[in-house]
1. Taking into account only those residues within region 66-75 that are hydrophobic (A, V, I, L, M, F, W, C) and more than 16 Å from the ligand (Cβ to nearest atom), which is farthest from Leu93 (Cα to Cα)?
2. If a residue has to be of a type in the set (A, V, I, L, M) and surrounded by fewer than 19 Cβ atoms within 10 Å (Cβ to Cβ) to count, how many in region 58-87 make the cut?
3. Please verify whether region 291-310 includes one or more residues that are surrounded by 17 or more Cβ atoms within 10 Å (Cβ to Cβ), closer than 19 Å to Glu190 by Cβ and basic (Lys, Arg).
4. Regarding Asn432, is this residue in the same structural domain as His471 (by TED's automatic domain parsing), closer than 11 Å to Val395 by Cα and surrounded by fewer than 18 Cβ atoms within 10 Å (Cβ to Cβ)?
5. Taking the options Ala166, Ala145, Ala193, Ala177, name whichever one is crowded, with 18+ Cβ neighbours inside 10 Å and modelled with pLDDT under 85.
6. State which residue pairs qualify: first residue more than 9 Å from Ala61 (Cα to Cα) and inside region 71-93, second residue more than 14 Å from the ligand (Cβ to nearest atom) and among the acidic types (Asp, Glu) in any location, beta carbons under 7 Å apart, and separation of 6 or more residues or different chains.
7. Restricting to strands (runs of 3 or more DSSP E) lying wholly in region 227-321: which have 2 or more residues that are hydroxyl-bearing (Ser, Thr, Tyr)?
8. Kindly establish whether Ser219 is under 28 Å from His207 (Cα atoms) and either modelled with pLDDT of 90 or more or in a strand (DSSP E or B) (or both).
Amino acid sequence: MTTGTKAKTDFEVFKKSLAKDRYSESDIELLKRAYDVAEMAHEGQERRTGEPYFVHAFATATKLADLYLPAEIVAAGFLHDVAEDTEITIEELEAEFGEDIAGMVSSVTKLGHVKYRGIDRYVENLRKMFLAMAKDVRVVFIKFADRMHNMETLYMIPESKRLRIAKEVMEIYAPIANRIGMGEYRGLFEDYAFKYISPKEYNWTKHLLEQRVKKFGSSMDRALKDVDTELRKNNIIPDDLHGRIKFCYSLSKKLAMYGNDINKVYDIVALRIVVKDVSDCYAALGILHSVYKPLSGRIKDYIAQPKPNGYQSLHTTVFSDDGSILEFQIRTTEMHEAAEFGVAAHWRYKEKVSQDRQVMWMEDLAHIQKELKSTDFMDKLNELKLDMFQDRIFVFSPQGDVFDLPVGSTPIDFAYCVHTDVGNKAIGVKINDATANLDSTLKSGDMVEIILNQSRKNPNPEWLKFIKTHHARLKINESLRRDKKSLLRSLMNR
Ligand code: MN
């Protein structure tokens, strides 16, 4: 069964898929104009996949509309390849759609030249992306939607090019998606890239996931129903209840940390309870624990103590009726949208003022953007470098994840930023492939590899003397408190 391309790219289909209350009549009129210009401009062009080029423009715009982003961004999505690949110029776009939309298209075209060329160019490429983000984060959303569609169709690209594109996505796009809190995009980017970079591991992990879902699917469904009933009995009406399956790449990394023992990974499938406010989150946790027995030491309050990237939720792991182990994640609708779509979620409600970390990040960016306004962004690139982010440094894990830390941070701060277990089990570090001390001062661009000892149980209390981040201090103190013997040892060492 084949669907005609015309049907695949029909404006009426697109219009029907739009969230009705998000786009006004004049928004839709703008989108139709952008659609018409893009369709005409790409007429007769084909992608390397053999499809008409307009299919790609259409898919990109659809992804942006799926993020509920404002109509100007979606319109720029339709037009994003017009200046690069067709007769139409930026000036003509400006005359038809105005400076703002033409400006976004022009920036996307310039970002198109950011390419992965091995480790030497890697930090430089990240800088470019960060700076593009600082100038106008909307351009990064368009670039993400564009690249996501390219990844969906990567199998049609010549094999020789696939690996380079997959690496670029793993090492540039996924870390940036993570940094701006777009969990869904990060997960999809990593999984698409993983599939081409390590096909064997990818298939193995995917199979494992499918087995788990088969095994626990019915008990999850039952638990969701039971929880819904219990919550309602206690006057908590959930906004949403759903199950989520871990992404392949994220599972594979976690498995590596636990010696490939799948029984130690409890969040392969998780159940999400989305409620209206924070007090309902804590109330729901209480109700859950009155129905199911929680596993000790597995309750995490990321609402009071958000993760470094701003993630908030309550996590708990419980024994279900049939003895299986289930992880629950409890959060508000706002936290849920922030976790899935990050900075993009905040663009949906521009008028809303919220004090959480991601908004603070946006404000930092807005500040940088102001400073940049008077100068040409591309000309300034080389001078500005990472100094823009005055009191933060950016360092990388060997897998290419980027972490931002305060100036003066040490490998131990980095380790706790990666994961509490990485911190607690750290015994050494390599910085840019050379052995270094755990109290060294990290610099922007460093690649940091923590050496672990899996049998190590507790952090070294001495670390408290040199670490810089509140997060590491909190986690070290927590681990030390948990073990009375360690506490005594730390008192004696003082
Ligand atoms: Mn494109």
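The values are calculated or read from the model by the stated rules, or taken from the named source; none is laboratory data. None of the values given here were measured: they were computed from a predicted structure. Here Cβ is always computed from backbone atoms with ideal geometry, including for glycine, and neighbour counts include all displayed protein chains.
1. Among them, the one singled out is Leu67.
2. Selection size over region 58-87: 0.
3. No, the conditions are met nowhere in region 291-310.
4. Against the criterion (in the same structural domain as His471 (by TED's automatic domain parsing), closer than 11 Å to Val395 by Cα and surrounded by fewer than 18 Cβ atoms within 10 Å (Cβ to Cβ)), Asn432 qualifies.
5. Values: Ala166 fails: modelled with pLDDT under 85; Ala145 fails: modelled with pLDDT under 85; Ala193 fails: modelled with pLDDT under 85.
Only one candidate passes the filter, namely Ala177.
6. Filtered contacts from region 71-93: Ala71/Asp27; Glu72/Asp100.
7. By residue number, 314-319.
8. Numbers: under 28 Å from His207 (Cα atoms): yes; either modelled with pLDDT of 90 or more or in a strand (DSSP E or B) (or both): no.
No.
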